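First the structure, in the form of structure tokens, and then the observations on it.
Nothing in this text is a laboratory measurement; each read-out follows from the coordinates by a stated rule. None of these values were measured; they are calculated from a predicted model. Counting neighbours? That spans all protein chains shown, and the Cβs are built from the backbone with ideal geometry, glycine included.
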There are 2 protein chains.
Amino acid sequence: MLIVKKFGGTSVANKERIFNVAKRCIEDYQAGNQVVVVLSAMGKQTDVLLDMAKDINPKASRREMDMLLTTGEQTSVALMAMAMDSLGVPAVSLNAFQVAMHSTADYSNAKLKRIDTERIYNELENRKIVVITGFQGIDKYDNYTTLGRGGSDTTAVALAAALHADACEIYTDVDGVYTADPRVVPKARKLEAITYDEMLELASLGAGVLHNRSVEMAKKYGVQLVVRSSLNRNEGTIVKEDTKMEKMLVSGVATDKNVVQISVEGLENKPGVAFKLFQHLANHNVNVDMILQSVEHGGKQDISFTVTEEDAEEAINTLDRHKESSLKCDKTTVTRDVAKVSVVGAGMMTHPGVAAKMFEALYDCGVNIRQISTSEIRVTVLVDEKYVEDAAEAIHDKFSLEK
Amino acid sequence: MLIVKKFGGTSVANKERIFNVAKRCIEDYQAGNQVVVVLSAMGKQTDVLLDMAKDINPKASRREMDMLLTTGEQTSVALMAMAMDSLGVPAVSLNAFQVAMHSTADYSNAKLKRIDTERIYNELENRKIVVITGFQGIDKYDNYTTLGRGGSDTTAVALAAALHADACEIYTDVDGVYTADPRVVPKARKLEAITYDEMLELASLGAGVLHNRSVEMAKKYGVQLVVRSSLNRNEGTIVKEDTKMEKMLVSGVATDKNVVQISVEGLENKPGVAFKLFQHLANHNVNVDMILQSVEHGGKQDISFTVTEEDAEEAINTLDRHKESSLKCDKTTVTRDVAKVSVVGAGMMTHPGVAAKMFEALYDCGVNIRQISTSEIRVTVLVDEKYVEDAAEAIHDKFSLEK
């Protein structure tokens, strides 16, 4: 078997944890498998490097930022190879250039294009554990790139696809994917399996134990993933295409408090108003999530949308700048104490009534719905932040997810 | 003009110093020059990385060690490019792989073989300051290598040679090359110029402000160097081939306390004894410096030699292991409180009597000579460590070096 194993920054944050990971990889190696290990930078190392850069130049170019950040994973893979060597198992560390991991040139948010496998296969044939830097690539001019936060998951999936690996294991600090965040819903249950699409919805809802792009890539190349803990031996959750898996109506409830609702009131009701509004926001890199357009009243209408807390400031400033000249609205209001609660399940495509059941649960516990948004396999409501735990628990109960 | 400027770790140890270096490079850039900057790792960063590695695996492979260490310079060049950018001057950082700096595969002590200049020329033509990692290379399999401590000087000289640079400036924390260590001989005077050969002798004697191999490479490719301070604007010392330069009898006095004398007494006086002795030491990577073989007395002879303090332990252990079986000597004695004092000067090739004058100076101040060694342009004596300052000052006076 060829196994790709990915460990995040907390799993390699210090000497003890590095050896813990090394031993876990060596078990697979000594059982006769070929082992490829993908690592992130140690602990808070990426943040340390970001702070160093910020101190020198708060507007540092992304090209130089990636040049700086890629030292983080190079440090962890070298130390890991040293740890494995000291345990008597030959290992070799490789970075994005040595592998070669070709990517686009979108510094800080590059996409992997092609991975050369020759060097990796050669090292595996020499019975070495191959320890590879996650999160990084090189563009066609040999500049380093990074894949964005959490990009090491994507590296692992891309490697599993390129190497036709038999298994791709993503190690995190949780046991797997749960029906809800156990800190919010104590009865939450670990799922044995989940589909790519469900995982994608959960990831984008902030319940993500996996980087979104990594799940998309796994789906595209049919790479079956296992999400499991680096701290224990529990089975974890399998992420795969929906085949023989029991099709659950709802597989989980996700909550996300990192939400700000912005309402633009009194807009003219004519073509191009929504376009202008969201064009301004897009020009300032504000990522808009749930959108609600009100019914017209007196020739005017309101538009509400949600953004993350990080984007809120920029969104508000952008609206202020264009309020009079371009948007011609009466006023904007900002509500910070809101949160999203979602149910996700591949089964709801063929079973109507999921939304109604969810709304019933919310009604039962007296939670008011501010906004609704849906996809084929997801229903999301925006509620007051103080109700988020009650709402999640009520929905979890209503769908009997603890069973 | 194309100028290569090299700054060591202390010159980029913190934000303030990074900006100091950036400004200095920008002055040359704004005067219309093409500027290539070579940097070492920040401050004690290399030591920090070495300690991390040691903690994980005290016998880490040199290949992985170099993988780890090369992150140090990559960090400093990225931060430097960010600093220059923030001062409004476009800069780009490049590491050994991006340049490509081809080297041998002797990890931790590689030799540069060939430098690709295309990328550097392209960036210079785009009017960028090019900031390059010193100390590192890549072997033919794309593994990172390092050039050994002080190797950034070599990188700078090799770049100056490959780019046909008009100037190669090595910035250190001293003003240039002195007739003696000013802490030992207060009257020591800064030299305006010195030949490659003199600099080589001084470097190997521990008075080195320049890495030995960098001087050899400068000599080989005829790269004229300037050694000057990154802390002030003083002129510095030019290192070049001896051409029109006034040929000084003696250009400097060097002292070195990092010396241990080892004597092997009562060896048989027959062919192969010295060979065996030094073969054993070479097999254990002990670098032997001054060697003295005594005149035979009663069919026996003694051999004394010096090593650095770092090598002393290994040398003593090696001799102990082979004392009875192979070497058949009576005993070995170790003297730790000794030091070397040397005079160096290209002029002494054509002027006899330098050694005699030096010995006279030592006699005048009552310093006993334990051992003597000479080259064409150098005379070295081994003395008791406590006399080293007196000896250096007396010799400095005797040759009137302060003038």
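Can you list, bin by bin at 20 Å, the percent of alpha carbon pairs in the protein assembly as shown, starting at 0?
14, 35, 30, 14, 7, 1, 0
Relative to the other copies, what are the label-point distances for residue A:118, with labels 7 Å from Cα along the C-beta vector, expressed in nm at one decimal and sorted shortest first?
1.7
Calculate the mean, over all residues of peptide B:94-106, of how many other protein chain Cβ atoms lie within 10 angstrom of the residue's Cβ. Before the final figure, lay out the partial values.
Numbers: counts 3, 6, 0, 6, 7, 1, 1, 0, 0, 0, 0, 0, 0.
That average works out to 2.
Using θ = phi - 60° and the Karplus relation 6.51 cos²θ - 1.76 cosθ + 1.60, list the HN-Hα couplings for segment A:226-235 in order, rounded to whole Hz, with x at every Gly or Pro.
Each residue of segment A:226-235 in turn: 10, 9, 8, 8, 7, 9, 9, 9, 4, 5 Hz.
So how long is each side of segment A:214-358 along the principal axes, counting just the alpha-carbon atoms, biggest first, in Å?
59, 35, 31
Compute the helix-to-body angle for A:388-398: its Cα long axis versus the longest principal axis of chain A, expressed 0 to 90° and rounded to tens.
Helix A:388-398 sits at roughly 80 degrees to that axis.
With +1 assigned to the C-beta of every Lys and Arg and -1 to the C-beta of every Asp and Glu, and no other charges, what is the dipole magnitude of the protein assembly as shown about the Cα centre in debye, to the nearest 20? Present the calculation step by step, with values, prior to reporting the outcome.
On the way: 94 positive and 114 negative charges, 171 e Å.
Rounded to the nearest 20 debye, it is 820 debye.
Once phi is turned into ³J(HN,Hα) by the Karplus curve 6.51 cos²θ - 1.76 cosθ + 1.60 with θ = phi - 60°, what whole-Hz value does each residue of segment A:54-63 show in order, with x for glycine and proline?
Couplings: 4, 5, 7, 7, x, 10, 4, 5, 5, 4 Hz.
Between residue A:187 and residue B:335, with labels modelled 7 Å along Cα→Cβ, what's the label distance in nm to one decimal, could you check?
8.8 nm
Can you tell me the relative contact order of segment B:2-172? Whole percent, Cα pairs under 8 Å, sequence separation 6 or more. The partial results should precede the final answer.
Details: 367 pairs, mean separation 49.7, N = 171.
So the answer I get is 29 percent.
Amide H of residue B:93: which non-local residues (sequence gap of 5 or more, or other chain) have their own amide H closer than 5 Å, using H built in the peptide plane?
B:131
What is segment A:78-154's relative contact order, in percent, from Cα pairs under 8 angstrom and six or more apart in sequence?
After rounding, I find 34 percent.
Considering only A:197, A:106, A:330, give the residue with the highest GNM mean-square fluctuation for chain A, with springs between Cα atoms whenever their separation is below 10 Å.
A:330
Please list, by residue number, every one of the chymotrypsin sites (Phe, Trp or Tyr not before Pro) in segment A:128-183 that is coil in DSSP and has at most 13 other beta-carbon atoms within 10 Å. Don't skip to the end; give the middle numbers.
Working: sites: A:135, A:141, A:144, A:171, A:178; in loops: A:135, A:141.
Qualifying residues, ordered by number: A:141.
Measure nothing fancy, just the Cα-based angle from helix B:309-322's long axis to the longest principal axis of chain B, in degrees from 0 to 90, nearest 10.
Once rounded, the angle reads 50 degrees.
Can you tell me the FRET efficiency between residue B:30 and residue B:359 if r is taken as the Cβ-Cβ distance and R0 is 35 Å, rounded to the nearest 0.05? Provide the component values of the computation, followed by the final result.
Working: r = 54 Å, r/R0 = 1.54.
Computed FRET efficiency for residue B:30 and residue B:359 comes out at 0.05.
Along the Cα→Cβ direction, 7 angstrom out, place labels at residue A:349 and residue A:105. What is the inter-label distance in nm?
Result: 3.9 nm between the two label points.
What is the fewest-to-most order of B:127, B:213 by other Cβ atoms lying within 10 Å of their Cβ? Numbers along the way, then the final one.
On the way: B:127 10, B:213 21.
Final ranking by Cβ density, sparse to dense: B:127, B:213.
Can you work out ³J(HN,Hα) from phi for every residue in segment B:64-75, in order, using Karplus 6.51 cos²θ - 1.76 cosθ + 1.60 and θ = phi - 60°, giving whole Hz and x for Gly and Pro?
6, 4, 5, 4, 6, 5, 5, 5, x, 6, 4, 4
Please state, to two decimals, what the Cα-based radius of gyration of segment A:154-262 comes to when divided by 2.2 N^0.38 Å (N = residues). Mind dumping the intermediate values first?
Numbers: Rg = 13.9 Å, N = 109, 2.2 N^0.38 = 13.1 Å.
It is 1.06.
Could you state the angle between the C-alpha long axis of helix A:354-364 and the longest principal axis of the C-alpha atoms of chain A, as a value from 0 to 90 degrees rounded to the nearest 10?
The two axes meet at around 70 degrees.
Taking springs between alpha-carbon atoms closer than 10 angstrom, which of B:297, B:102, B:322 fluctuates most in the Gaussian network model of chain B?
B:297
With r as the distance between the Cβ atoms of residue B:220 and residue B:122 and R0 = 30 Å, compute the FRET efficiency 1/(1 + (r/R0)^6) and round to 0.05. Display every interim value, and only then the final one.
Details: r = 27 Å, r/R0 = 0.90.
According to the calculation, E is roughly 0.65.
Longest span of chain B, sites excluded, free of GluC sites (Glu not before Pro) in DSSP loop with at most 15 other C-beta atoms within 10 Å? Walk me through the numbers on the way to the answer.
Numbers: sites that count: B:192, B:235, B:241, B:246, B:296, B:376, B:402.
After excluding every exposed loop site, the longest remaining stretch is B:1-191.
When only DSSP loop residues count, what trypsin sites (Lys or Arg not before Pro) in segment A:1-108 have their Cβ near at most 10 other Cβ atoms within 10 Å? Kindly include the intermediate steps, with their values, before the conclusion.
Numbers: sites: A:5, A:6, A:15, A:17, A:23, A:24, A:44, A:54, A:59, A:62, A:63; in loops: A:44, A:59.
When the trypsin sites (Lys or Arg not before Pro) of segment A:1-108 are filtered for loop state and at most 10 Cβ neighbours within 10 Å, A:59 remain.
Suppose a student asked you for the relative contact order of chain B, using Cα pairs under 8 Å spaced at least 6 residues apart; what percent would you report? Before the final figure, lay out the partial values.
Details: 885 pairs, mean separation 54.2, N = 403.
Value for chain B: 13 percent.
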